[in-house]
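Peer 1: I have a structure here, written as structure tokens, and I will follow up with some questions on it.
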Amino acid sequence: KCALTFTHHTDKVQAVQWNPVETSVLLSGSFDKSIAVFDANAPGTAAVKLSLPADVESCIWNPHAPQQVLASTEDGTVTCYDVRNVSAGPLFSFAAHPRKPCSSISISPVVRGLMATCSPDKTVKIWDLEAEGGPACVGERQMQAGSLFDVKFDVNEPFMLATGGDQGELAVWDLSSEANIAKVFKARAEGVAEAEAVAPPAAPVEAETAAAAASAPKSAKKSKSKKAGKN
């Protein structure tokens with residue numbers, strides 16, 4: 001049984017993603033040339049809709065700045081908005097793959113500002129979102145997997161990504177083997193590793209749960225789950 005249905009789009013919904021921090025907030029992208037942000041726990045509330053230059057191929061949250069949404073479109077453009085201030089317009093918009101759709105985008109969850117895009121033009125491109133003057137392409141490769149439809153970074157290895165295309169093959173690219181890419185992002189990756197090394201060890205889950213239960217008022221009600229059903 002479907003728990004909830006939303007009807008804020010007027011054409012095919014191509015992509016959806018939950019916010020990594022506000023876990024009831026959902027992002028959707030559609031062939032009606034828009035993305036929408038809305039709270040699945042408040043179905044009566046109007047969605048915030050943002051117009052884009054063409055049909056949406058992919059949309060994601062920035063894992064390092066979860067107030068930012070990025071979308072790629074059929075005309076090869078990538079656009080980013082800050083959902084806290086959509087009236088100010090996009091933070092940036094650029095032609096990632098000018099002659100073909102930008103079929104997928106992915107931001108490394110480990111290295112800040114490291115983004116990959118792919119396209120039916122058979123290439124993966126690597127972007128520095130924090131470059132002076134705006135996003136800059138720092139590398140690209142023909143992946144020999146045909147027209148490409150999806151790209152994803154490894155959640156643990158900072159420079160490893162995979163992509164898939166219409167030849168039935170998956171291609172994996174280790175970006176650390178590319179000197180110009182490693183030069184741009186190495187210091188950011190090392191900074192993450194150093195921060196993790198000095199961070200205090202997390203308390204066991206059982207201990208945290210017991211401590212919370214002991215300190216909570218006896219009359220406190222159990223909190224409701226924030227995330228709505230996704231059936």
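The values are calculated or read from the model by the stated rules, or taken from the named source; none is laboratory data. Nothing here was measured: the structure is a model prediction, and the numbers come from that model. Reconstructed Cβ throughout: ideal geometry from the backbone, glycine too, with neighbour counts over all protein chains shown. Surface areas here come from the heavy atoms of the whole protein model, side chains and all, with no ligands, DNA or RNA. Shrake-Rupley method; radii C 1.70, N 1.55, O 1.52, S 1.80 Å.
Peer 1: Test ALA96 against the stated conditions and say whether it is in contact with a Ser or Thr (Cβ under 9 Å, 6 or more places away or on another chain), open to solvent by 10 Å² or more (accessible area, probe 1.4 Å) and small (Gly, Ala, Ser).
Peer 2: no
Peer 1: Right, next: When you scan the stretch 67-93, how many residues do you find that are more than 22 Å from THR123 (Cβ to Cβ), open to solvent by less than 50 Å² (accessible area, probe 1.4 Å) and either touching an Asp or Glu at 6+ places or on another chain (Cβ under 7 Å) or without any contact (Cβ under 8 Å) to a residue 24 or more places away in the chain (or both)?
Peer 2: 4
Peer 1: Right, next: Find the residue count for the stretch 107-135, including only residues that are within 20 Å of SER177 (Cβ to Cβ) and open to solvent by 20 Å² or more (accessible area, probe 1.4 Å).
Peer 2: 3
Okay, residues lined up against (1) assigned to a strand (DSSP E or B); (2) surrounded by fewer than 16 Cβ atoms within 10 Å (Cβ to Cβ); (3) over 19 Å from the mean Cα position of the chain (by Cα):
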position: THR5; (1), (2), (3): no, yes, yes
position: VAL16; (1), (2), (3): yes, yes, no
position: GLY29; (1), (2), (3): yes, no, no
position: LYS49; (1), (2), (3): yes, no, no
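Peer 1: Let me ask something additional. Pull up the stretch 136-149, narrow it to residues that are closer than 24 Å to ASP166 by Cα and not small (Gly, Ala, Ser), then point me to the one that is least open to solvent (accessible area, probe 1.4 Å).
Peer 2: Among residues in the stretch 136-149 that are closer than 24 Å to ASP166 by Cα and not small (Gly, Ala, Ser), the one least open to solvent (accessible area, probe 1.4 Å) is LEU148.
Peer 1: Could you check the stretch 31-47 and list, in sequence order, the residues that are open to solvent by 30 Å² or more (accessible area, probe 1.4 Å) and not hydrophobic (A, V, I, L, M, F, W, C)?
Peer 2: ASP32, LYS33, ASP39, ASN41, PRO43, GLY44, THR45
Peer 1: Right, another one. Filter the stretch 31-47 for residues that are assigned to a strand (DSSP E or B) and closer than 30 Å to HIS97 by Cα and give the result. I'd like the intermediate steps shown before the answer.
Peer 2: Here is the first cut: in the stretch 31-47, the ones assigned to a strand (DSSP E or B) are 34-39.
Across the stretch 31-47, the qualifying residues are SER34, ILE35, ALA36, VAL37, PHE38.
Peer 1: Tally up the residues in the stretch 1-43 that are aliphatic (A, V, I, L, M) and either under 20 Å from VAL78 (Cα atoms) or in contact with a His (Cβ under 9 Å, 6 or more places away or on another chain) (or both), please.
Peer 2: The number of residues fulfilling the criteria is 8.
Peer 1: Identify all residues within the stretch 148-189 that are part of a helix (DSSP H, G or I) and under 27 Å from ARG99 (Cα atoms); write none if there are none.
Peer 2: Scanning the stretch 148-189 gives LEU175, ASN180, ILE181, VAL184.
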